[in-house]
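Peer 1: Below is a structure I'd like to ask you about.
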Amino acid sequence: MIKVAKFGGTSLSNDKQFTKVRDIIKNDNTIKYVVASAPGTTDGLNSKITDLLYLCYRNKKNNNNYKEIFYEISERFNKIVEKLNLDINLKLELKNIYNSLEENCEEDYFVSRGEYINSKILAEYIGFDFIDAKNIIFFDDDGFLNVEKTNMEISKILKENVVIPGFYGSYDDGRIKTFSRGGSDITGSLISSAVGVDIYENWTDVSGLLMADPRIINNPKKIDVMTYRELRELAYMGATVLHDEAVFPVREANIPINIRNTNQPQGCGTLIVEKVEDEEVERIITGISGKKNYTVFCINKANMASQVGIMKSALDVFYKRKIVIEHVPTGIDSFSVIVASSAVANIIDKILNELKSTCKADKIIVYTDIALVTSVGRNIRNKSSIFKRLFSALEKENIDVKIIAQGLSEINVIIGVDNRNFESTIKAIYDEFVN
Ligand code: ASP
């Protein structure tokens, strides 16, 4: 058994966290590859190093004060090295980074230095070798990941017992390019799939995914095991623990992801796999998540089902304006287009007029301030009684359901309610199916 272990920013935010990480690695000799983020916040008291790096870079660009910020960044690293008693020459590294800032280096290079330095420190601390991500993760000229080259270089260069900085790679010409924020998860996933490890461990500051948002449900249950698809559905609707793009490489290679808590390493976290064999699991719903602030355009036209092109002309109205469409639930003589309210703010009337003229609809109703709540579970589609339970639970709470969306092959049920009913909807569903 071999593993990649990726440690997030909170897991490596100060010397105490470094010690926890070292213990985790020393107690598990199957961890052969370690991916590190830049230091995150410590008990919410200080800033994430990556945020400071962005701020520092922008201030320099805008001729605002940047030296103090660079000093703050340097001190965070110096303190870790000092407290861990490490013999590593950070001064030179920091000086080089500072000089490149003075020489107007590129932003991606500068902000990636948090991962770079932190990984060097960690490698020294645990006695692993440091491998620079710029030599194994590659992007093409358009900024897309060059999967082939990345896989090839990882298999060629990567040996066991190494620490690799997350979040960045390089173009063919050696310039640094970062992923989007939180991208160290992607680095870990790419390495896991290229090496073909048995498990991708993703160490963070929560003990796995919860069945619902703890700000809404008091002490929600943890999800022990779930499928990649369920994770995707829940994450899309707001449950965040892993970068969206991190799922694809490991999923293709069928490598389980294990979300674990650096502060409670004895817990087994959440395991994410392709298929859950043990369907004895009684629970029908794996998790509930949702988001507020959607706008729904409900287009009604008699005999619509037998006419060609109505839906296309409606969708074109949104396409023309590059508005992302979230869902399109349909009926016999109607269909609805659901979009984020922020995408149509101030142009609802314009869109309405265009829809009226292109679709020649009988009636268009617009609902604003809609929240979507998704209940995800791999067994949902097989159980028609679920709908009965779901809707009677909502009825009991006097919650008016405005929209229902479920594709034929889906593993979720999405319902739209007024924003003000968002929390009570999640509570009602949780109480019905979990408590
Ligand atoms: N440090 C980077 C960020 O804050 C990347 C990461 O932590 O994954 O976005």
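The values are calculated or read from the model by the stated rules, or taken from the named source; none is laboratory data. In this text the structure is predicted, and so the values were computed from the model without any measurement. Positions of Cβ are generated from backbone atoms using ideal geometry, with glycine treated the same way; all protein chains shown enter the neighbour counts.
Peer 1: Any residue that is within 16 Å of the ligand (Cβ to nearest atom) and either polar (S, T, N, Q) or over 29 Å from A123 (Cα atoms) (or both) - is there at least one of those in segment 198-210?
Peer 2: Going through segment 198-210, the residues within 16 Å of the ligand (Cβ to nearest atom) turn out to be 200-206.
Filter again for either polar (S, T, N, Q) or over 29 Å from A123 (Cα atoms) (or both), leaving 202, 204.
Yes, there is a match, as at least one residue in segment 198-210 is within 16 Å of the ligand (Cβ to nearest atom) and either polar (S, T, N, Q) or over 29 Å from A123 (Cα atoms) (or both).
Peer 1: Residues in segment 55-96 that are assigned to a helix (DSSP H, G or I) and crowded, with 16+ Cβ neighbours inside 10 Å: how many?
Peer 2: Of the residues in segment 55-96, the ones assigned to a helix (DSSP H, G or I) are 55-61, 67-83, 90-96.
After this cut, where a residue has to be crowded, with 16+ Cβ neighbours inside 10 Å as well, the list is 55-57, 59-60, 69-70, 73-74, 76-77, 80-81, 90, 93-94.
The number of residues fulfilling the criteria is 16.
Peer 1: Of the residues T30, T19, T42, only one is surrounded by fewer than 21 Cβ atoms within 10 Å (Cβ to Cβ) and touching a Ser or Thr at 6+ places or on another chain (Cβ under 7 Å); which?
Peer 2: Numbers: T30 fails: touching a Ser or Thr at 6+ places or on another chain (Cβ under 7 Å); T19 fails: touching a Ser or Thr at 6+ places or on another chain (Cβ under 7 Å).
Sole residue among the options that is surrounded by fewer than 21 Cβ atoms within 10 Å (Cβ to Cβ) and touching a Ser or Thr at 6+ places or on another chain (Cβ under 7 Å): T42.
Peer 1: With the structure loaded, tell me whether S207 is more than 30 Å from A428 (Cβ to Cβ) and either under 13 Å from the mean Cα position of the chain (by Cα) or not in a strand (DSSP E or B) (or both) or whether it fails that test.
Peer 2: Values: more than 30 Å from A428 (Cβ to Cβ): no; either under 13 Å from the mean Cα position of the chain (by Cα) or not in a strand (DSSP E or B) (or both): yes.
Taking the combined requirement at face value, the residue does not satisfy it.
Peer 1: Then there is this: Could you give me the residue pairs with C-beta distances under 6 Å whose first residue belongs to segment 1-20 and is within 14 Å of the ligand (Cβ to nearest atom), whose second residue is at pLDDT below 95 and among the charged types (D, E, K, R) wherever it lies, and which are 6+ apart or on separate chains?
Peer 2: T10/D205
Peer 1: Considering segment 223-268 alone, what residues qualify as being in contact with a strand residue (DSSP E or B) (Cβ under 6 Å, 6 or more places away or on another chain), more than 18 Å from V4 (Cα to Cα) and among the charged types (D, E, K, R)?
Peer 2: E230, E233
Peer 1: Consider segment 156-186. How many of its residues are within 13 Å of the ligand (Cβ to nearest atom), of a type outside the set (K, R) and assigned to a loop (DSSP other than H, G, I, E, B)?
Peer 2: Number satisfying all stated conditions: 6.
Peer 1: Just one of K67, K32, K60 is of a type in the set (K, R) and closer than 30 Å to S207 by Cβ; which is it?
Peer 2: Working: K67 fails: closer than 30 Å to S207 by Cβ; K60 fails: closer than 30 Å to S207 by Cβ.
Within the list K67, K32, K60, the selection yields K32.
Peer 1: Given the conditions (1) modelled with pLDDT of 95 or more; (2) in contact with a helix residue (DSSP H, G or I) (Cβ under 7 Å, 6 or more places away or on another chain), report the number of the one that N419 does not fulfil.
Peer 2: Failed condition: (2).
Peer 1: Which pairs do you get when a residue that is at pLDDT below 95, found in segment 39-58, comes within reach of a residue that is part of a loop (DSSP other than H, G, I, E, B), reach meaning Cβ atoms under 6 angstrom, with the pair 6+ apart or on two chains?
Peer 2: Qualifying pairs under 6 Å: T41/K48; T42/S13; T42/N14.
Peer 1: Next question, about the same structure. It is to be established whether one or more residues within segment 365-379 are in contact (Cβ under 8 Å) with a residue 40 or more places away in the chain and over 30 Å from the mean Cα position of the chain (by Cα). Give the steps one after another, and end with the answer.
Peer 2: Start the filter on segment 365-379 by keeping residues that are in contact (Cβ under 8 Å) with a residue 40 or more places away in the chain, which leaves 365-379.
Among the residues that remain, those that are also over 30 Å from the mean Cα position of the chain (by Cα) are: 365-366.
Yes, because at least one residue in segment 365-379 is in contact (Cβ under 8 Å) with a residue 40 or more places away in the chain and over 30 Å from the mean Cα position of the chain (by Cα).
Peer 1: Somewhere in segment 211-233, is a residue in a helix (DSSP H, G or I) and over 15 Å from the mean Cα position of the chain (by Cα)? Can you show your working first?
Peer 2: Here is the first cut: in segment 211-233, the residues in a helix (DSSP H, G or I) are 228-233.
Narrowing the set further to residues that are over 15 Å from the mean Cα position of the chain (by Cα) leaves none.
For segment 211-233, residues in a helix (DSSP H, G or I) and over 15 Å from the mean Cα position of the chain (by Cα): absent.
Peer 1: Then there's this: If you check every pair at least six apart or on different chains, which have Cβ atoms under 9 Å apart with a residue in segment 135-160 that is touching a residue at least 60 places away in the same chain (Cβ under 8 Å) and surrounded by fewer than 18 Cβ atoms within 10 Å (Cβ to Cβ) first and a residue that is in a strand (DSSP E or B) and charged (D, E, K, R) second?
Peer 2: Sorted first by the residue in segment 135-160, then by its partner, the pairs are E160/K32.
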